[in-house]
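Enquirer: One structure is given below, represented as structure tokens, and several questions about it will come after.
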Amino acid sequence: MTRRYKKITFLTGQSRPGGRAAWAMLLGCCALLASMLSVARAQKAPEASEEGKRVYEKSCAHCHGIEGRGDGSAAENLLPRPRDFTRGLYKIRSTEAGQLPTDQDLFDILTEGMPGSSMPGWETALSANERWEVVAYIKTFHEGFKENEAPRQIDLSGKIAYSEQSVETGKALYTELGCVECHGNVGRGDGTSAPTLTDEWGFRTWPANLAQGWNFRGGGDTEDIFKRFIGGIAGSPMPAFEGDSFLHFGLASEESKRLTELESKDEMTEAEEEESGKFYEKMDAAVDIALSITEGETLNTEDRQTFDNAMRVVYEKSWHLANYVKSLSPEKRPEPAIGNNVLRAQYVGGELPALGDAAWETLKASYFPVVGQIIVEPRQFNPTLDSINVKSFYNDNEVAFLFTWDDRTHTTALEDEETGKKVLEDALAIQFPVKVPQGPTAPKPYFLWGGRLPVYLWHWKASAPEQVTELTAKGINKAEVQAVQSNIQAKGTYTDGQYNLWVKRALKTDDKKDLQIEPGVFVPIAFSAWDGANGDVDTNRVISSWYTFVLEPVPSSRRFIYPPLVALLSVGALFGLRMFVRRRNS
């Protein structure tokens, strides 16, 4: 027996990647029927004033425009584009789908900014009173704020605690709901739909890298993630979760499992046919009730309870999914590779581990943040790469590095559509000084590929994953391929939105233009990286400042001798003291 239950479709101006229609009003009505509502925050914006307009035009209009349409003088250079306040579509809210944000939501975004975007936090630049005045003025751009009705806030009272079991449940839902289509198999934003996504205004947008929670624009706590699911991200391809987002809407968890068992059978008995038919009727009833709500009908007590039960399952599953997403990212952003976190290559007595060797898992990666290069034209104002993570081993003759970085797309050798000449592809350059500065106060070369003092570079491209080219540079536009190339081994791979590049070279070479490496010497190191899919080419790239790495000194065998020697001396001293005391007493 094959039967499909009815499904409601509401047009809300947003579409779910993968073709699912959104019915956002359903969740809007859910809170009216729920037994608890989130308590609204007490703080409210003042009435709009000339002060708010003055501060807005001075600090905000450059990006968002004088009329709040997101068309300021800087807008063309920003990705994502600045918010168009006239549409009333706000991404980060504590309110349900289809609702405007609270005043506190707007104030929080002004205060904290939007990580991973060009929207900074204004906590230090503007006083609290000025930020509240700006909130009041922003609200004048959209007529909906003039209504006195308070927006419905998302109910967080049913939170499910973080646990391994909840994470496993959420992991299954991640696949079931099609999250992989945008966010990729392990959440790095590399799904098959990722390169094609656009926002409500037709501008390109990228799905979040769920492995970098510090860049979540609405916060990385489980509650914040849950709000993004229930409320959606207005104006973006990320929809709100609705009843039909989940399999078997209207059934309890155990009923859903049972129906799945029945549907998987090639042939059902008469009793099983009857059992499955009851499940379908229950799902149809839940959908019919939801449709009644959207049409403004008054529900009786029984129907209201049926709908509340159906939505309770949706909320429970959303909490499980939020816990899974939370598990994909470290608790906090890694500390940069300075001080105790400096990159320290570990000594091994034999052959250096190859790419994929389990030995690499024994090392903690050093974190090197990168930012857009905005010093030399063309500049990169919209970087898509966050950092380079590095591990290193060395032996008596060679050193090996493992460089790892997230990139949503694997891009090799694409021609620029405008010029037809430039090649846009993913690439990485590792930068060292030709000569190591003698002492911490000695001058280093200019971090942007050198100047009067030259730099030595390893340049790798995705189109040649097993090749590293040695360069010498005296400026960002003054790099030359070295005539003599050292015997550098390299291997690069791309899997699930992440590059792994293994590089091995001799500690010493015969070329004076090469870096000569010695144990115990702190060596400056810096990076440049290109994301071809983001239009990175030449100086349009991400860069880091100078950091350092060091080959940890070879452990001395004396460390095995000193402890027992000290122990023997201590025992001897105790016996000598004992003999002395006995003789004195006698």
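The values are calculated or read from the model by the stated rules, or taken from the named source; none is laboratory data. Note that the coordinates shown come from a computational prediction; the quantities given were computed from them, not determined experimentally. Backbone-built Cβ (ideal geometry, glycine too); neighbour counts: all protein chains shown.
Enquirer: So if I check each of E351, E361, which one is surrounded by fewer than 18 Cβ atoms within 10 Å (Cβ to Cβ), acidic (D, E) and in a loop (DSSP other than H, G, I, E, B)?
Expert: On inspection, the qualifying residue turns out to be E351.
Enquirer: Do you know which residues across the stretch 163-218 are among the hydroxyl-bearing types (S, T, Y) and farther than 19 Å from W319 by Cβ? Write out each step before concluding.
Expert: So in the stretch 163-218, the residues among the hydroxyl-bearing types (S, T, Y) come out as 163, 166, 169, 174-175, 192-193, 196, 198, 205.
Residues satisfying the conditions are T192, S193, T196, T198, T205.
Enquirer: Right, another one. Kindly state which helices (runs of 4 or more DSSP H) lie completely within the stretch 43-149 and contain at least 3 residues that are in contact (Cβ under 8 Å) with a residue 60 or more places away in the chain, outside the structural domain of G220 (by TED's automatic domain parsing) and on the phi < 0 side of the Ramachandran plot.
Expert: Details: elements: 50-59, 61-64, 103-112, 128-138.
Answer list for the stretch 43-149: 50-59, 103-112, 128-138.
Enquirer: OK, next. I'd like to check something: does the stretch 114-124 contain any residue that is of a type in the set (D, E, K, R), modelled with pLDDT of 95 or more, farther than 26 Å from V370 by Cα and surrounded by fewer than 20 Cβ atoms within 10 Å (Cβ to Cβ)? Let's see the steps before the verdict.
Expert: At the first step, the residues of the stretch 114-124 found to be of a type in the set (D, E, K, R) are 123.
Among the residues that remain, those that are also modelled with pLDDT of 95 or more are: 123.
Narrowing the set further to residues that are farther than 26 Å from V370 by Cα leaves none.
There is no residue in the stretch 114-124 that is of a type in the set (D, E, K, R), modelled with pLDDT of 95 or more, farther than 26 Å from V370 by Cα and surrounded by fewer than 20 Cβ atoms within 10 Å (Cβ to Cβ).
Enquirer: If only one of A490, A462, A442, A473 is surrounded by 15 or more Cβ atoms within 10 Å (Cβ to Cβ) and either in contact with a helix residue (DSSP H, G or I) (Cβ under 9 Å, 6 or more places away or on another chain) or at pLDDT below 95 (or both), which one is it?
Expert: Values: A490 fails: either in contact with a helix residue (DSSP H, G or I) (Cβ under 9 Å, 6 or more places away or on another chain) or at pLDDT below 95 (or both); A442 fails: surrounded by 15 or more Cβ atoms within 10 Å (Cβ to Cβ); A473 fails: either in contact with a helix residue (DSSP H, G or I) (Cβ under 9 Å, 6 or more places away or on another chain) or at pLDDT below 95 (or both).
One residue alone meets the criteria, A462.
Enquirer: Do you know which residues across the stretch 371-417 are within 16 Å of L79 (Cα to Cα) and hydrophobic (A, V, I, L, M, F, W, C)?
Expert: Scanning the stretch 371-417 gives V371, I374, F381, L385.
Enquirer: From E123, E96, which residue is under 30 Å from D308 (Cβ atoms) and either aliphatic (A, V, I, L, M) or touching a Lys or Arg at 6+ places or on another chain (Cβ under 9 Å) (or both)?
Expert: On the way: E123 fails: under 30 Å from D308 (Cβ atoms).
That would be E96, the only listed residue that is under 30 Å from D308 (Cβ atoms) and either aliphatic (A, V, I, L, M) or touching a Lys or Arg at 6+ places or on another chain (Cβ under 9 Å) (or both).
Enquirer: Still on this structure, please answer the following. Among the numbered conditions (1) surrounded by fewer than 19 Cβ atoms within 10 Å (Cβ to Cβ); (2) among the basic types (K, R); (3) at pLDDT below 95, tell me where R83 comes up short.
Expert: (1)
Enquirer: Name the residue that is modelled with the lowest pLDDT, counting only residues in the stretch 28-57 that are more than 31 Å from the chain's Cα centre (by Cα) and of a type in the set (D, E, K, R).
Expert: Here the answer is K44.
Enquirer: Same structure, new question: Do you know which residues across the stretch 356-391 are within 24 Å of V342 (Cα to Cα) and among the aromatic types (F, W, Y)?
Expert: Filtering the stretch 356-391 down to residues within 24 Å of V342 (Cα to Cα) leaves 356-373, 385-391.
The answer is W360, Y367, F368.
Enquirer: Inspect the stretch 144-156 for any residue being surrounded by 14 or more Cβ atoms within 10 Å (Cβ to Cβ), in contact with a Ser or Thr (Cβ under 7 Å, 6 or more places away or on another chain) and under 21 Å from D84 (Cβ atoms) and give the result as yes or no.
Expert: Taking every residue of the stretch 144-156 in turn, at least one turns out to be surrounded by 14 or more Cβ atoms within 10 Å (Cβ to Cβ), in contact with a Ser or Thr (Cβ under 7 Å, 6 or more places away or on another chain) and under 21 Å from D84 (Cβ atoms).
Enquirer: Please verify whether K278 is at pLDDT 90 or above, under 30 Å from P115 (Cβ atoms) and either in a helix (DSSP H, G or I) or among the small types (G, A, S) (or both), treating the condition exactly as stated. Break it down into steps so the answer makes sense when it comes.
Expert: Details: at pLDDT 90 or above: yes; under 30 Å from P115 (Cβ atoms): no; either in a helix (DSSP H, G or I) or among the small types (G, A, S) (or both): yes.
No: the conditions fail for K278.
Enquirer: Only one of V399, V436 is touching a residue at least 40 places away in the same chain (Cβ under 8 Å), in a loop (DSSP other than H, G, I, E, B) and over 28 Å from the mean Cα position of the chain (by Cα); which? Outline the logic, then answer.
Expert: Numbers: V399 fails: in a loop (DSSP other than H, G, I, E, B).
Only one candidate qualifies: V436.
Enquirer: Just name the residue that is nearest to E331 (Cα to Cα) out of those in the stretch 167-214 that are touching an Asp or Glu at 6+ places or on another chain (Cβ under 8 Å) and surrounded by fewer than 18 Cβ atoms within 10 Å (Cβ to Cβ).
Expert: Here the residue is V186.
Enquirer: Please go through (1) modelled with pLDDT of 95 or more; (2) out of contact with any strand residue (DSSP E or B) (no Cβ under 8 Å at 6 or more places or on another chain) for G178 and return the number of the only condition it doesn't satisfy.
Expert: (1)
Enquirer: Quick check on the stretch 429-437. Is at least one of its residues surrounded by 19 or more Cβ atoms within 10 Å (Cβ to Cβ), touching a His at 6+ places or on another chain (Cβ under 6 Å) and of a type outside the set (V, I, T)?
Expert: Looking through the stretch 429-437, at least one residue is surrounded by 19 or more Cβ atoms within 10 Å (Cβ to Cβ), touching a His at 6+ places or on another chain (Cβ under 6 Å) and of a type outside the set (V, I, T).
Enquirer: Report, by residue number, each residue of the stretch 256-280 that is over 19 Å from S245 (Cβ atoms) and in contact (Cβ under 8 Å) with a residue 40 or more places away in the chain. Give the derivation first.
Expert: We begin by selecting, within the stretch 256-280, every residue over 19 Å from S245 (Cβ atoms); these are 258, 261-262, 264-278.
Matches in the stretch 256-280: M268, E273, S276, G277.
Enquirer: I need a count of the residues in the stretch 487-519 that are among the small types (G, A, S), over 28 Å from the mean Cα position of the chain (by Cα) and within 27 Å of S387 (Cβ to Cβ).
Expert: Initially, the stretch 487-519 is screened for residues among the small types (G, A, S), giving 490, 492, 497, 506.
Next, only the ones that are over 28 Å from the mean Cα position of the chain (by Cα) stay: 506.
Then keep just the ones that are within 27 Å of S387 (Cβ to Cβ); that gives none.
Adding up the residues that qualify gives 0.
Enquirer: Contact list please: Cβ distance under 8 Å, first residue in the stretch 184-211 and at positive phi, second residue loosely packed, with under 15 Cβ neighbours inside 10 Å, pairs at least six apart or on different chains.
Expert: Sorted first by the residue in the stretch 184-211, then by its partner, the pairs are G184/D496.
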